[in-house]
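The block underneath contains the structure these notes are about, expressed in structure tokens.
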Amino acid sequence: MPGVEQLALSDVAAEAACAQAAGLQAVLLFGIPAAKDEAASGAFDDNGVVQQAVRAIKTECPELLVITDVCLCEYMSHGHCGVTRIDGEHFHVLNDESVELLVKTALSHAAAGADLVAPSDMMDGRIGAIRGALDAAGFEQTGIMSYAAKFASAFYGPFREAAESPPQFGDRRSYQMDPANAAEALREVALDIEEGADIVLVKPALPYLDILWRVHERFGLTTAVYHVSGEYAMVKAAAERGWLDERQAVLEIMTGLKRAGADLIITYWARELAEWTGR
């Protein structure tokens with residue numbers, strides 16, 4: 001992913017300040033712990049990498065909106081988004097046990113100062129559980145951006161390599177969504193809204209513009225879309241070969257996402273877009 005790199009904790013606050021100075025209003029944090037295990041203990045460690053990053057950014061840039069990814073895959077030694085059980089040649093992701101860890105993670109992020117937590121795991125019932133726990137702990141003002149329609153996709157590859165979180169066995173199709181099933185996507189979004197999501201997100205972007213449009217039109221809630229690593233890498237590779245103009249292509253893509261109903265766009269081109277559009 002040209003132009004994208006992991007940041008050390010010591011560099012996070014300065015990078016956030018540069019983003020804010022460029023005109024960006026929010027950052028989304030993902031963390032890579034020093035060590036991984038089968039309990040994802042680094043995800044909810046009060047001194048974990050994301051928790052420390054949130055505190056550093058909020059000290060340097062108190063007005064910058066900080067959103068944190070709430071998932072377990074980067075902290076699990078096996079790379080899955082939840083607690084697993086292996087039966088012979090088959091594995092299962094244990095939903096309720098995973099939700100318990102996600103709740104602990106969201107609470108630790110809120111305590112560190114996150115403005116919104118963003119559950120990206122696709123476990124059932126996690127939005128309601130997180131909302132209830134946040135409210136009970138006095139974090140009523142901490143918002144939830146739910147990955148409500150996250151599809152099993154080939155376009156996540158570069159991110160998984162960068163985040164060191166490819167599954168060590170099996171795949172994530174048992175808990176991410178079937179790309180062919182639009183009806184299920186809308187049901188999942190409706191459930192997350194009922195459970196208390198403040199923002200709903202569609203991921204990836206370009207192959208799911210129809211889902212993005214339907215979600216925005218049907219529910220009227222603030223709708224986000226994540227233009228993911230594979231989509232970014234394809235344009236970068238084509239631009240490097242002189243096959244297209246990167247700036248023009250990116251502006252056309254982002255215009256299409258806005259036209260399809262995106263109120264918020266998560267993109268690796270955020271800083272360049274701020275420069276190109278004069279924001």
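The values are calculated or read from the model by the stated rules, or taken from the named source; none is laboratory data. Just so it is clear, the structure is predicted and the values come from calculations on it, not from any experiment. Neighbour counts run over all protein chains shown; Cβ positions are idealised from the backbone, glycine included. Heads up: the accessible areas ignore ligands, DNA and RNA and are worked out on the full protein's heavy atoms, side chains in. Shrake-Rupley method; radii C 1.70, N 1.55, O 1.52, S 1.80 Å.
Looking at V99, V50, just one residue is modelled with pLDDT of 90 or more and within 16 Å of the chain's Cα centre (by Cα), and that residue is V50.
Quick one: which residue in C61, C71 is over 17 Å from the mean Cα position of the chain (by Cα), open to solvent by less than 10 Å² (accessible area, probe 1.4 Å) and not aliphatic (A, V, I, L, M)? Before the answer, list the steps.
Details: C71 fails: over 17 Å from the mean Cα position of the chain (by Cα).
Within the list C61, C71, the selection yields C61.
Among residues of the range 173-198 being surrounded by 16 or more Cβ atoms within 10 Å (Cβ to Cβ) and closer than 19 Å to E231 by Cα, the one that is modelled with the highest pLDDT is P179.
Quick one: is D45 farther than 21 Å from M145 by Cβ and free of Cβ contacts under 8 Å to residues at least 60 places away in the same chain? Steps first, please.
Details: farther than 21 Å from M145 by Cβ: yes; free of Cβ contacts under 8 Å to residues at least 60 places away in the same chain: no.
No: the conditions fail for D45.
In this structure, does H216 turn out to be within 19 Å of G157 (Cα to Cα) and either at pLDDT 95 or above or in contact with a Leu (Cβ under 6 Å, 6 or more places away or on another chain) (or both)? So that I can check it myself, show each step before the final result.
Values: within 19 Å of G157 (Cα to Cα): no; either at pLDDT 95 or above or in contact with a Leu (Cβ under 6 Å, 6 or more places away or on another chain) (or both): yes.
No, not satisfied.
Of all residues in the range 19-40, those that are surrounded by fewer than 12 Cβ atoms within 10 Å (Cβ to Cβ) and either acidic (D, E) or in contact with a helix residue (DSSP H, G or I) (Cβ under 9 Å, 6 or more places away or on another chain) (or both) total 2.
Taking the criterion of being open to solvent by less than 50 Å² (accessible area, probe 1.4 Å) and hydrophobic (A, V, I, L, M, F, W, C), the residues of the range 264-279 that qualify are I266, W269, A270, L273, A274.
Conditions tested, residue by residue: (1) surrounded by 21 or more Cβ atoms within 10 Å (Cβ to Cβ); (2) modelled with pLDDT of 95 or more; (3) under 24 Å from S120 (Cα atoms).
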{"residue": "V225", "(1), (2), (3)": "yes, yes, yes"}
{"residue": "S229", "(1), (2), (3)": "yes, no, yes"}
{"residue": "A238", "(1), (2), (3)": "no, yes, no"}
{"residue": "L244", "(1), (2), (3)": "no, yes, no"}
{"residue": "Q248", "(1), (2), (3)": "no, yes, no"}
{"residue": "I253", "(1), (2), (3)": "no, yes, yes"}
{"residue": "A262", "(1), (2), (3)": "yes, yes, yes"}
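Sub-9 Å Cβ pairs linking a first residue in the range 240-262 that is at positive phi to a second residue that is surrounded by fewer than 16 Cβ atoms within 10 Å (Cβ to Cβ), at least 6 apart or interchain, are G261/E217, ordered by first then second residue.
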